[in-house]
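Okay, so here's the structure we're looking at.
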Amino acid sequence: MSAELQASRRDATLILTLSNPGAKNALHPDMYAAAVETLSTAERDDSIRAVVLTGADNFFCAGGNLNRLLENRSKEKSVQAESINNLHGWIEAIRDCPKPVIAAVEGAAAGAGFSLALACDMIVAGTSAKFVMAYVKVGLTPDGGGSWFLSRALPRQLATEILIEGKPVGAPRLHELGLVNKVVADGTALDTALNWADELAALSPNAVERIKSLTQDAQNNSLAQHFETEKHHFVESLHHRDAQEGINAFLEKRKPQYK
């Protein structure tokens, strides 16, 4: 069987499963375009309220395939550069998707697999799950935005440790550092992520989309700029049908029903 990104649905949640049997779900260029297309479709589908990214066979992703990288050394540099561009397109699609994206990590998230998890809005991990940026172990440097995500999320010293040492970091430690949202019993990360997605699906889609946008804008905005951005989103949200339903439901002491 070849490497593929499998797509399925559970109610309002789109489930994307990394599958590469026998290779610990190592990434392949065929996955990249499929991921971008699937996320683009999800963006336009109002029936999808959340996305969960996971790996088959209780293992998230081993990252890039070293044998394929060795083959690419005999080709023009542009071949590898194009492959990385396509990977980065997938990362951008996760970040740009207006729906919340949750990573459900079992086993390990290594290299670009770690980058994929970091690109998601939230991470659920099994207790024994490991996260590793081992590029340095084979004389390589990170891709997939891994060094950007870690440098933004952690103090420089900790990000440098993870990237330069290339040693596995356990889910509990990343939870303490704020990079992993929930640590759960091994084998339950996907179910936990799906249940969490169900909870998010009951919230205002308009508000969720705008809040995701705000958290991303905050990384680059000055406070003065962000005041303006928040004002815009608040006013637009107030005049959206979701606000009418949400406010009425609160005052009437009932659960809101968002369309």
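With respect to residue 113, is the statement that it is at pLDDT 95 or above, assigned to a loop (DSSP other than H, G, I, E, B) and farther than 30 Å from residue 232 by Cβ true?
When the stated conditions are applied, residue 113 does not pass them.
State whether the residues of segment 209-217 include one that is assigned by TED's automatic domain parsing to the domain that holds residue 128 and in contact with a His (Cβ under 8 Å, 6 or more places away or on another chain).
no
Under 7 Å between Cβ atoms, which residue pairs at least 6 apart in sequence (or on different chains) link something in segment 166-179 that is under 14 Å from residue 105 (Cβ atoms) and assigned by TED's automatic domain parsing to the domain that holds residue 131 with a partner that is among the small types (Gly, Ala, Ser) and surrounded by fewer than 16 Cβ atoms within 10 Å (Cβ to Cβ)?
Pairs that qualify, where the first residue is under 14 Å from residue 105 (Cβ atoms) and assigned by TED's automatic domain parsing to the domain that holds residue 131 and the partner is among the small types (Gly, Ala, Ser) and surrounded by fewer than 16 Cβ atoms within 10 Å (Cβ to Cβ), are 179/153.
Looking at 128, 115 in this structure, which one is without any contact (Cβ under 8 Å) to a residue 60 or more places away in the chain, out of contact with any Lys or Arg (no Cβ under 9 Å at 6 or more places or on another chain) and surrounded by 23 or more Cβ atoms within 10 Å (Cβ to Cβ)?
115
Quick check, is residue 52 of a type in the set (A, V, I, L, M, F, W, C) and modelled with pLDDT of 95 or more?
Yes; evaluated as a whole, the condition is true for this residue.
I need the strands (runs of 3 or more DSSP E) fully contained in segment 1-78, keeping only those with at least 3 residues that are of a type in the set (D, E, K, R), surrounded by fewer than 21 Cβ atoms within 10 Å (Cβ to Cβ) and not assigned by TED's automatic domain parsing to the domain that holds residue 99.
none
Need the failing condition index for residue 204 against (1) within 20 Å of the chain's Cα centre (by Cα); (2) surrounded by 15 or more Cβ atoms within 10 Å (Cβ to Cβ), just the number.
(1)
I'd like the full set of residues that are outside any helix (DSSP H, G or I), hydroxyl-bearing (Ser, Thr, Tyr) and touching a helix residue (DSSP H, G or I) at 6+ places or on another chain (Cβ under 8 Å), limited to segment 201-243.
204
Among the residues of segment 150-200, count how many are closer than 20 Å to residue 116 by Cβ, among the aliphatic types (A, V, I, L, M) and in a loop (DSSP other than H, G, I, E, B).
Summing the residues that are closer than 20 Å to residue 116 by Cβ, among the aliphatic types (A, V, I, L, M) and in a loop (DSSP other than H, G, I, E, B) in segment 150-200 gives 4.
The values are calculated or read from the model by the stated rules, or taken from the named source; none is laboratory data. Every value quoted in this text rests on a predicted model; they were computed, and no experiment measured them. Every residue, glycine among them, receives a Cβ derived from its backbone with ideal geometry; neighbour counts consider all protein chains shown.
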